[in-house]
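Scroll down for the structure; my scribbles are underneath it.
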Amino acid sequence: MSKPLEGRLAVVTGASRGIGYFTALALASEGAHVIACARTVGGLEELDDAIQAEGSGSATLVPMDLADMGAIDRLGGSIFTRWGKLDIMVANAGVLGVVSPLAHVEAKVFEQVMAVNVTATWRLIRSLEPLLKQSDAARAVLLSSGVAHTCRPFWGPYAASKAAVEALARTWAGETAHTTIKVNSVDPGRTRTAMRAQAAPGEDPMTLPHPSEVAAKIVALTRPDFTESGKLYSVREDRFKDYQLPQ
């Protein structure tokens, strides 16, 4: 029996751990070939071992730092040379920065958050859109956060970056409305990840959903039969949300 994503090609950033790792694993289990991108080589190798152990999909490992914008451009070029198209893009990689009053955030920290979370996401869109347009059913998922809307005190850089990511997703969805590309944001909610542990070190991680639970929801948005675009999916609420203008 064929798998839902058999023969499809997927890029996942931040694939060496957490939500990215389990999203890459879940995509492969549904038959996709996953181009797994991350800085941590050891984590990528563990992912490859896990994918091979399952025996469903396959992976190409791409050690790269998303702060290296040239590397993102080279990624698109390499995919074009080898495959000529792309079916799925999951922009998952991100950094928290610091939980701190805005006035106390160091410039280099703020700039790193914006570079990795926002500029790199735009650069991925720029590099990979021509490849996605060659797919019969391209799907793009950009990871957001609830703080993009709550603007929680002391989370300023991260909140601002995720609000920007959602703006990119909404704009891109509108621009590609008459193509095969469907673009959505995902708010995973509090999840048992290293980033969450950094943000809330006193929290019991066992009270939080495992990243594999979030990954399953993300993968559902990448299948060819999924047709929503320009919306925000809340994992915790298990529903899509429409964007509205301020009132």
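The values are calculated or read from the model by the stated rules, or taken from the named source; none is laboratory data. Computed from a prediction, not measured in an experiment: that's the story for all the values here. We place every Cβ from the backbone using ideal geometry, glycine too, and count neighbours over all the protein chains shown. Remember, those area values only see protein heavy atoms, side chains included, never the ligands or the DNA or RNA. Shrake-Rupley method; radii C 1.70, N 1.55, O 1.52, S 1.80 Å.
Please work out if residue 149 is on the phi < 0 side of the Ramachandran plot, free of Cβ contacts under 8 Å to residues at least 40 places away in the same chain, open to solvent by 30 Å² or more (accessible area, probe 1.4 Å) and in contact with a strand residue (DSSP E or B) (Cβ under 9 Å, 6 or more places away or on another chain). Yes, satisfied.
Do any helices (runs of 4 or more DSSP H) entirely within the range 55-147 hold 2 or more residues that are farther than 19 Å from residue 170 by Cα, and if so, which?
In the range 55-147, the matching helices (runs of 4 or more DSSP H) lie at 69-82, 107-114.
Just one residue in the set 3, 85 is modelled with pLDDT under 95 and basic (Lys, Arg); that residue is 3.
Please identify the pairs in which a residue from the range 219-232 that is part of a loop (DSSP other than H, G, I, E, B) has its Cβ atom under 7 Å from the Cβ atom of a residue that is modelled with pLDDT of 95 or more and among the hydroxyl-bearing types (Ser, Thr, Tyr), counting only partners at least 6 apart or on another chain. From residues that are part of a loop (DSSP other than H, G, I, E, B), the pairs are 221/233. Residues of the range 171-208 that are of a type in the set (S, T, N, Q), under 21 Å from residue 88 (Cβ atoms) and either open to solvent by 60 Å² or more (accessible area, probe 1.4 Å) or out of contact with any Pro (no Cβ under 7 Å at 6 or more places or on another chain) (or both): 171, 176, 179, 180, 184, 185.
To keep it simple, each residue is scored yes or no on (1) closer than 19 Å to residue 138 by Cβ; (2) crowded, with 16+ Cβ neighbours inside 10 Å; (3) of a type in the set (Asp, Glu).
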{"position": "11", "(1), (2), (3)": "yes, yes, no"}
{"position": "16", "(1), (2), (3)": "no, yes, no"}
{"position": "19", "(1), (2), (3)": "no, yes, no"}
{"position": "27", "(1), (2), (3)": "yes, yes, no"}
{"position": "31", "(1), (2), (3)": "yes, yes, no"}
{"position": "36", "(1), (2), (3)": "yes, yes, no"}
{"position": "41", "(1), (2), (3)": "no, no, no"}
{"position": "46", "(1), (2), (3)": "no, no, yes"}
{"position": "56", "(1), (2), (3)": "no, yes, no"}
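Restricting the range 66-91 to residues that are open to solvent by less than 30 Å² (accessible area, probe 1.4 Å), touching a residue at least 24 places away in the same chain (Cβ under 8 Å) and of a type outside the set (Val, Ile, Thr) leaves a set whose member that is farthest from residue 182 (Cα to Cα) is 66. When the range 10-54 is limited to residues that are part of a strand (DSSP E or B) and touching a Ser or Thr at 6+ places or on another chain (Cβ under 6 Å), the one that is farthest from residue 84 (Cα to Cα) turns out to be 38. Contact map, the range 156-176: residues that are closer than 15 Å to residue 112 by Cβ paired with residues that are open to solvent by 50 Å² or more (accessible area, probe 1.4 Å) and part of a helix (DSSP H, G or I), Cβ distance under 7 Å, separation 6+ or inter-chain. Pairs shown: 156/102; 157/110. Considering 216, 167, 160, 220, which residue is farther than 19 Å from residue 90 by Cα, surrounded by fewer than 21 Cβ atoms within 10 Å (Cβ to Cβ) and among the small types (Gly, Ala, Ser)? It is 160.
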